[in-house]
Each structure stands twice: as structure tokens, then as C-alpha cells.
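Here is the structure we will look at, set down as C-alpha cells.
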Amino acid sequence: MGLTIAIVYTFHRMRSPRLDLDYRLVILGSLLPDIIDKPIGYVIFQKYYENGWIYGHTLLFSVVLLILSYSIATKYSVLGFSSLLHLIEDGVVTYMPGTFFWPLLGWNFSKNGEFTSKWIEYTISSLYTDHYIQITEVAGLTVISYLILRHRLYVKSNLIAFIKNGKLIDK
């Protein structure tokens, strides 16, 4: 989520600072693939999918979301864009291209087997052992911390205003 926010924040500041951007949509879009896929793949249909990267982690999902959100209003297109950034940051195209390009490369999703039954343990242990994850998580946390400090979201009134309108106001 932090890297997605950083990319959108930087692009917004550099290219279109007058654009009415709702960062709540950025946060939702960056989490949406996991909000959809983790419960389906790891809980509800675990025996069938055995995978937390399914429908929400496809290019098709992000493109459809981008088109639908853009058709509602241009300012909502950040929802689909943030979802697509999530897939890139997860490395879905590298690690599971069959999922990323679903259904172009086939109708089935890969199964992760043992990983599925221990995905929480794997996720926690990867924070200690996988350098890519360590770097991206620290970078994301740094970005979120910077934005909290820069926009004084530690002040109750500023935080409430952000929750209500999704704007990062310079103070």
C-alpha cells in the first residue's frame, strides 16, 4: 500500500496537483486484490484454489476496474490504477504469469499447496528472510510515515478530515 501511495502521490504532485484526488480510493485500490482473493483462495474455497492470487490479481480485473471507475468519473480511475500497481508490486506477472494474464493463458489458477495452509506463517517469516519484501515494506512504511508527518495526520482534526474527504491538505 505504501509504495502505491508513493507512486500516486508523486504523480499527483508532479503532473496534476489541481486534480481532486481521493486518497481513500488509492488505499482501497491498493488493498482490493487481497481483500477479494485472500478470503476466497485461503478460506472459502481453500481446497479448490489453494492460492491467494486469483481473480483480483489478474490484469483483466484491474483493467475492468479501471474502465468502470473511469466511466463513473475520472477521479475514480485511481481505484483501478492503484489495483494495477498492487499487482506489479506483488510481482504477479513474474511469479504467476498465468494468473496475471488470466484467462489468456488458461482458465485455471496455479495452486500453492503447502504454502496455502501456512500462508500467515510464510508471510511473517518472509518479513525476516526475503530482502525484496523487507525493502518494499520499509519503503512503504517510510512513505506512510512521511505523509502522516507532512500532512499532520497525527492531529485528530486533520485525521478526521482525511477520513471524511480523502484529501491530503498541506498545513
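Which of (1) modelled with pLDDT under 85; (2) touching a helix residue (DSSP H, G or I) at 6+ places or on another chain (Cβ under 7 Å); (3) farther than 23 Å from Gln134 by Cβ; (4) surrounded by 14 or more Cβ atoms within 10 Å (Cβ to Cβ) does Leu19 not meet, given it meets every other one?
(4)
Does the stretch 39-46 include one or more residues that are buried (at least 17 other Cβ atoms within 10 Å of the Cβ), at negative phi, modelled with pLDDT of 85 or more and assigned to a helix (DSSP H, G or I)?
Going through the stretch 39-46, the residues buried (at least 17 other Cβ atoms within 10 Å of the Cβ) turn out to be 40-42.
From the residues that got through so far, the ones that are at negative phi too are 40-42.
Right, trim to modelled with pLDDT of 85 or more and you get 40.
Then keep just the ones that are assigned to a helix (DSSP H, G or I); that gives 40.
Yes; the residues of the stretch 39-46 include at least one that is buried (at least 17 other Cβ atoms within 10 Å of the Cβ), at negative phi, modelled with pLDDT of 85 or more and assigned to a helix (DSSP H, G or I).
Only one of Ser62, Ser71 is assigned to a helix (DSSP H, G or I), surrounded by 13 or more Cβ atoms within 10 Å (Cβ to Cβ) and either polar (S, T, N, Q) or touching a Pro at 6+ places or on another chain (Cβ under 6 Å) (or both). Can you tell me which?
Numbers: Ser71 fails: surrounded by 13 or more Cβ atoms within 10 Å (Cβ to Cβ).
Going through Ser62, Ser71 in turn, just one is assigned to a helix (DSSP H, G or I), surrounded by 13 or more Cβ atoms within 10 Å (Cβ to Cβ) and either polar (S, T, N, Q) or touching a Pro at 6+ places or on another chain (Cβ under 6 Å) (or both): Ser62.
Looking at Ile169, Ile160, Ile148, Ile135, can you tell me which residue is over 15 Å from the mean Cα position of the chain (by Cα), more than 18 Å from Lys38 (Cα to Cα) and touching a residue at least 12 places away in the same chain (Cβ under 8 Å)? Let's see the steps before the verdict.
Working: Ile160 fails: touching a residue at least 12 places away in the same chain (Cβ under 8 Å); Ile148 fails: touching a residue at least 12 places away in the same chain (Cβ under 8 Å); Ile135 fails: touching a residue at least 12 places away in the same chain (Cβ under 8 Å).
None of the other options fit; the residue is Ile169.
Kindly evaluate Glu89 against the criterion of being among the charged types (D, E, K, R) and in contact with a Lys or Arg (Cβ under 9 Å, 6 or more places away or on another chain).
On the way: among the charged types (D, E, K, R): yes; in contact with a Lys or Arg (Cβ under 9 Å, 6 or more places away or on another chain): no.
No; evaluated as a whole, the condition is false for this residue.
The values are calculated or read from the model by the stated rules, or taken from the named source; none is laboratory data. All values reported here derive from a predicted model rather than from experimental measurement. Glycine also receives a Cβ, built like all others from the backbone with ideal geometry; neighbour counts cover every protein chain displayed.
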